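J.: First the structure, which I've put down as structure tokens, then a few questions once you've had a look.
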Amino acid sequence: MSGVLPDFHLRDLIASGAISARDEITDAQIQPASLDLRLGAEAYRLRASFLAGKGRSVRARLDDFQMHRMDLSGGAVLEKGCVYLVPLQENLRLPEGLSAVANAKSSTGRLDLLTRLVTDDGTEFDRLPEAYDGPLYAEICPRSFSVLVRPGMRLNQLRLRAGGAVLDDAALRALHESAPLVSGGGGALIDQGLGFSVDLRPGQGDLVGYRAKPHSGVIDLDRIGAYDPRDFWDALRAENGQLILDPGAFYILVSREAVAIPPDYAAEMAPYLAMVGEFRVHYAGFFDPGFGIGERGTGARGVLEVRCHEAPFALEHGQIVGRLVYERMAARPKRLYGQDIASNYQGQGLKLAKQFSASGA
């Protein structure tokens with residue numbers, strides 16, 4: 001067996017104890033190709049982000065970095081610009097041959113909530129070696145909005161792999177020829193993954209995206225559709241297909257292409273080469289099997305979380321800003337994205353996180 005493990009294999013690992021948790025793992029956590037991870041009951045405010053390092057545990061290093069401990073049981077605010085470490089409810093005891101990678105969930109990324117997985121012996125974020133045995137932690141840094149969190153909230157997710165799973169460009173071209181992966185835009189640009197570009201010439205109206213306001217209120221992550229976007233975002237309009245990005249600002253934009261993930265594959269959003277400009281696409285991004293494949297089979301456009309770096313940068317319509325790296329599934333999942341699952345972003349276009357109402361957008 002090789003490839004990304006599907007939902008029923010994740011259930012097998014839970015049943016065997018390879019994946020365990022303080023509270024019983026729920027069916028809602030199991031996605032077609034990933035497992036949602038839950039916050040525990042405490043958080044630590046840190047003076048700096050850190051990695052445990054080879055041969056060291058996260059707990060052993062906390063004394064070097066923690067400022068104070070916070071009880072999340074009644075809800076607590078994680079303040080914008082601060083760094084926190086939250087022990088997660090799940091633990092792993094992976095068998096030989098299984099490795100893992102983590103990523104922020106879609107709504108987490110759309111709130112500019114930097115969330116990374118930290119582990120014992122860790123020398124990089126979001127990557128777990130084969131046969132990892134130990135606890136899991138989430139490092140959380142709210143960058144645009146302060147947020148209210150509680151135990152059990154799911155901000156990031158874990159994907160397990162057996163052996164090699166990534167498609168090279170030749171395999172990706174062959175897949176596109178048999179099951180088109182992209183529609184709209186300028187066709188399929190395949191170069192170390194499937195490239196996608198930004199849409200700054202919308203088919204209707206002139207709304208091209210949103211920019212986070214520098215001063216706004218707290219967002220309770222449990223309140224779905226509760227917030228007026230106008231209190232947190234500035235709407236961006238463009239008539240000439242160009243948008244100048246401000247250094248340090250956070251933007252929600254949308255891809256020009258509609259993409260699809262066939263049932264036997266998964267994908268991960270990755271940044272494009274840094275040489276294309278002084279910005280990066282924030283990658284909150286696992287794409288599950290079946291994403292963009294609805295009743296009409298037209299695909300779904302990717303929402304882009306963009307942050308500009310040191311200098312203002314003029315972003316042009318159709319400019320390549322990121323890529324999707326496709327991976328083989330070890331087996332087809334029992335359920336696909338958007339099928340009997342509460343999938344907030346199936347068939348999406350330009351869309352804010354689920355905490356914001358559509359009426360005010």
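J.: Go through (1) under 30 Å from LEU94 (Cβ atoms); (2) surrounded by fewer than 20 Cβ atoms within 10 Å (Cβ to Cβ) for GLY217 and report which single condition fails.
T.: Only one criterion in (1) under 30 Å from LEU94 (Cβ atoms); (2) surrounded by fewer than 20 Cβ atoms within 10 Å (Cβ to Cβ) is unmet by GLY217, namely (1).
J.: Here's a follow-up. Show the residue pairs meeting these rules: Cβ distance below 6 Å; 6+ apart or different chains; first residue within region 47-73 and open to solvent by 40 Å² or more (accessible area, probe 1.4 Å); second residue assigned to a helix (DSSP H, G or I).
T.: ARG47/PHE65
J.: Could you list, in sequence order, all residues of region 260-302 that are β-branched (Val, Ile, Thr) and at pLDDT 90 or above?
T.: Across region 260-302, the qualifying residue is only ILE261.
J.: Hey, could you check region 173-214 for residues that are small (Gly, Ala, Ser), under 21 Å from the mean Cα position of the chain (by Cα) and not in a loop (DSSP other than H, G, I, E, B) and say which is surrounded by the most Cβ atoms within 10 Å (Cβ to Cβ)?
T.: Restricting to residues being small (Gly, Ala, Ser), under 21 Å from the mean Cα position of the chain (by Cα) and not in a loop (DSSP other than H, G, I, E, B), the top hit is GLY209.
J.: Which condition does SER73 not pass, out of (1) at pLDDT 95 or above; (2) not in a loop (DSSP other than H, G, I, E, B), if it passes all the others?
T.: (2)
J.: If a residue has to be farther than 15 Å from GLY285 by Cβ, modelled with pLDDT under 60 and surrounded by fewer than 17 Cβ atoms within 10 Å (Cβ to Cβ) to count, how many in region 342-359 make the cut?
T.: Here the count works out to 1.
J.: Oh, and also: Can you tell me which residues in region 327-336 are under 10 Å from VAL4 (Cβ atoms) and buried (at least 18 other Cβ atoms within 10 Å of the Cβ)?
T.: Of everything in region 327-336, those that are under 10 Å from VAL4 (Cβ atoms) and buried (at least 18 other Cβ atoms within 10 Å of the Cβ) turn out to be GLU327, ARG328, MET329, ALA330, PRO333.
J.: Any residue at all in region 110-121 that's at pLDDT 95 or above, over 18 Å from the mean Cα position of the chain (by Cα), crowded, with 22+ Cβ neighbours inside 10 Å and farther than 26 Å from ASP220 by Cα?
T.: So far as region 110-121 goes, yes, one or more of its residues are at pLDDT 95 or above, over 18 Å from the mean Cα position of the chain (by Cα), crowded, with 22+ Cβ neighbours inside 10 Å and farther than 26 Å from ASP220 by Cα.
J.: Taking only region 170-212 into account, find how many residues are without any contact (Cβ under 8 Å) to a residue 24 or more places away in the chain and of a type in the set (D, E, K, R).
T.: Selection size over region 170-212: 2.
J.: Tell me, which residue of region 118-140 that is among the small types (Gly, Ala, Ser) and touching a residue at least 40 places away in the same chain (Cβ under 8 Å) is farthest from ASP36 (Cα to Cα)?
T.: GLY122
J.: Since PRO87 meets every condition but one in (1) open to solvent by 10 Å² or more (accessible area, probe 1.4 Å); (2) more than 20 Å from the chain's Cα centre (by Cα), which condition does it not meet?
T.: With respect to (1) open to solvent by 10 Å² or more (accessible area, probe 1.4 Å); (2) more than 20 Å from the chain's Cα centre (by Cα), PRO87 is out only on (2).
J.: Additional query: Inspect all residues belonging to region 242-261 and state whether any of them is assigned to a loop (DSSP other than H, G, I, E, B) and free of Cβ contacts under 8 Å to residues at least 24 places away in the same chain.
T.: no
J.: From the list ASP246, ASP206, exactly one residue is among the acidic types (Asp, Glu) and at pLDDT 90 or above. Which is it?
T.: ASP246
J.: I'm trying to understand the selection: among the residues of region 122-148, which are open to solvent by less than 20 Å² (accessible area, probe 1.4 Å) and under 27 Å from ARG11 (Cβ atoms)?
T.: GLY122, LEU128, TYR132, GLY134, LEU136, TYR137, ALA138
J.: Just need a number here: residues in region 149-172 that are open to solvent by 50 Å² or more (accessible area, probe 1.4 Å) and outside any loop (DSSP other than H, G, I, E, B).
T.: The number of residues fulfilling the criteria is 3.
J.: Kindly provide the set of residues from region 25-46 that are touching a helix residue (DSSP H, G or I) at 6+ places or on another chain (Cβ under 9 Å), open to solvent by 10 Å² or more (accessible area, probe 1.4 Å) and in a loop (DSSP other than H, G, I, E, B), ordered by number.
T.: If the condition is that a residue be touching a helix residue (DSSP H, G or I) at 6+ places or on another chain (Cβ under 9 Å), open to solvent by 10 Å² or more (accessible area, probe 1.4 Å) and in a loop (DSSP other than H, G, I, E, B), then ILE25, GLN31 are the ones that fit.
J.: Somewhere in region 38-51, is a residue of a type in the set (A, V, I, L, M, F, W, C) and closer than 29 Å to PRO289 by Cα?
T.: yes
J.: Can you find a residue in region 224-231 that is under 22 Å from the mean Cα position of the chain (by Cα) and either free of Cβ contacts under 8 Å to residues at least 40 places away in the same chain or open to solvent by 70 Å² or more (accessible area, probe 1.4 Å) (or both)?
T.: Looking for residues that are under 22 Å from the mean Cα position of the chain (by Cα) and either free of Cβ contacts under 8 Å to residues at least 40 places away in the same chain or open to solvent by 70 Å² or more (accessible area, probe 1.4 Å) (or both), one finds at least one in region 224-231, hence yes.
The values are calculated or read from the model by the stated rules, or taken from the named source; none is laboratory data. All values reported here derive from a predicted model rather than from experimental measurement. Cβ: placed from backbone, ideal geometry, glycine included. Neighbour counts: every protein chain shown. For the accessible areas, the whole protein counts, side chains as well, though only heavy atoms, and no ligand, DNA or RNA atoms are used. Shrake-Rupley method; radii C 1.70, N 1.55, O 1.52, S 1.80 Å.
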